[in-house]
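Student: For reference, the structure I am asking about is given below.
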There are 2 protein chains.
Amino acid sequence: MRDLLAITKALADSNRIRILTMLRAGELCVCQIVEVLGLAPSTVSTHLSILYGAKLVESSKRGRWVYYRLADPHASALVSDCIEWVIRSVENDETIEEDREKVARVISVCPEELCRTSNQS
Amino acid sequence: MRDLLAITKALADSNRIRILTMLRAGELCVCQIVEVLGLAPSTVSTHLSILYGAKLVESSKRGRWVYYRLADPHASALVSDCIEWVIRSVENDETIEEDREKVARVISVCPEELCRTSNQS
DNA sequence: TCCTCATTTCGACATATAACGAATTATAAC
DNA sequence: GTTATAATTCGTTATATGTCGAAATGAGGA
């Protein structure tokens, strides 16, 4: 029950749903997500920690940046089924569509922007 | 997004999860659910209205009693997939097991109890 | 070493939510 | 009609949650 509630509570916020669906595009670092959502970095960090606590996302630190991605589907069927369900549920949502475009822009257009997107190390 | 959030918020509470899984047994009236959860009738009624607003449950009034049941699977694939996911998620949960037994008792043992279980009209 | 910057943690505040009892509504029995 | 009762709605209270800015943490680069 505890795990279930961690997941459902994590999903009970529109910004966290947006983050989750944004991560379909692959790994994103915190500052990229901040850019898309337009929230304070501290707020986004809190959202990510809630998603992380529910095991809906994983993270890796590379240099100064922390990258978040959707949880490995092999880790838990319940989690991956749930993520798939969320993705299906937001089809045709306007905000989600806008986010998708913003993510594409943030990933490609920003080479040495505030957040150097693909800088390894 | 609105529908999705109505559902995830509805699922983000342990008592509502308990109600939802209790309804696997079939229709239950409010007073039966009150009996199992041990909450005030007004509280249970509020929980049910939240589940109803998310279209996770349906209801029918018969006489003075209002019966609630899980939403018709034909109504929405998203909703029924979600209910199935919840059911799978609570397998082996202690509280849920206890609820199942309480429900069985409440359904069968109470003929002219506080809530006459199967009284039509 | 010291500085810069991405991220997290902390403290504060506003809003949302769960719970209750009291009052209200609706239906049936008398 | 009047009464009894199942359920809902309302008002209140306590707790949880989302948000921010400021301070702390941690990893590179000068």
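The values are calculated or read from the model by the stated rules, or taken from the named source; none is laboratory data. Remember, it's a predicted structure, so these values are computed and weren't measured experimentally. So basically every Cβ, Gly included, is an ideal-geometry build from the backbone, and we count neighbours across all protein chains shown. Heads up: the accessible areas ignore ligands, DNA and RNA and are worked out on the full protein's heavy atoms, side chains in. Shrake-Rupley method; radii C 1.70, N 1.55, O 1.52, S 1.80 Å.
Student: Per residue, how big is the convex hull of the protein assembly as shown when only Cα atoms are used? Give it in Å³. Mind dumping the intermediate values first?
Tutor: On the way: hull volume 31.4 nm³, N = 242.
Spread over its residues, the Cα hull of the protein assembly as shown gives 130 Å³ apiece.
Student: Just to confirm the number: angle between the C-alpha axis of helix B:77-89 and the first principal axis of chain B, 0 to 90 degrees, nearest 10?
Tutor: It is inclined by approximately 70 degrees.
Student: Now for a different question. In chain A, what residue has the beta-carbon at the shortest distance from the axis of the rotation relating A to B, and what is that distance in angstrom, rounded to the whole number?
Tutor: Minimum Cβ distance to the axis, with residue: A:A12, 2.
Student: Please check: in the Gaussian network model of chain B (C-alpha springs, under 10 Å), which one of B:A54, B:A75, B:A25 has the largest mean-square fluctuation.
Tutor: Result for chain B, Cα springs under 10 Å: B:A75 fluctuates most.
Student: Does any residue of segment B:1-44 lose at least 40 Å² of accessible area with all protein chains in place compared with its chain alone, and if so which ones (probe 1.4 Å)?
Tutor: Going by heavy-atom accessible area, the residues of segment B:1-44 that drop by at least 40 Å² are B:M1, B:L4, B:L5, B:T8, B:A12.
Student: May I ask you to report, in nm to one decimal and beginning with the shortest, the distances from A:K61 to the same position in the other copies, taking label points 7 Å along Cα-to-Cβ?
Tutor: Label-point separations across copies, in nm and ascending: 5.9.
Student: If I ignore ligands, DNA and RNA and count only protein heavy atoms, how much of A:I7 is accessible to a 1.4 Å probe, in Å² to the nearest 10?
Tutor: Around 10 Å² of this residue is reachable by solvent.
Student: With a 1.4 Å probe and every protein chain left in place, tell me how much accessible area B:D13 has, in Å² to the nearest 10.
Tutor: Taking all protein chains as shown, B:D13 has close to 40 Å².
Student: Leaving out ligands and nucleic acids, and using a 1.4 Å probe, what accessible area per residue does the protein assembly as shown come to in Å²?
Tutor: That works out to 54 Å² for each residue.
Student: Would you work out if segment B:17-60 is rounded, prolate or oblate? Take a ≥ b ≥ c from the square roots of the eigenvalues of the alpha-carbon gyration tensor; rounded if a/c is under 1.5, else prolate when a/b is larger than b/c, oblate otherwise. If you can, show how the numbers build up before the last one.
Tutor: Details: a/c = 1.62, a/b = 1.17, b/c = 1.39.
Since a/c reaches 1.5 but b/c is at least a/b, the shape of segment B:17-60 is classed as oblate.
Student: Chains A and B: how much accessible area gets covered up at their contact, both sides added, probe 1.4 Å, in Å² to the nearest hundred? Before the final figure, lay out the partial values.
Tutor: Details: alone 7460 and 7460 Å², together 13010 Å².
By this definition, chains A and B bury close to 1900 Å².
Student: I've got another one for you. Give me P(r) over chain B, computed from all C-alpha to C-alpha distances, binned every 5 Å, as integer percentages.
Tutor: 2, 11, 23, 25, 21, 12, 5, 1, 0
Student: Let me ask you something else. Which percent of the accessible heavy-atom area of segment A:2-109 goes to carbon and sulfur, probe 1.4 angstrom? Write down the numbers at each step before the final one.
Tutor: Numbers: 2730 of 5460 Å².
Heavy-atom surface of segment A:2-109 belonging to carbon and sulfur, 1.4 Å probe: 50 percent.
Student: What range in chain A is the longest one free of GluC sites (Glu not before Pro) that are in a loop by DSSP and have at most 12 other Cβ atoms within 10 angstrom?
Tutor: A:1-90
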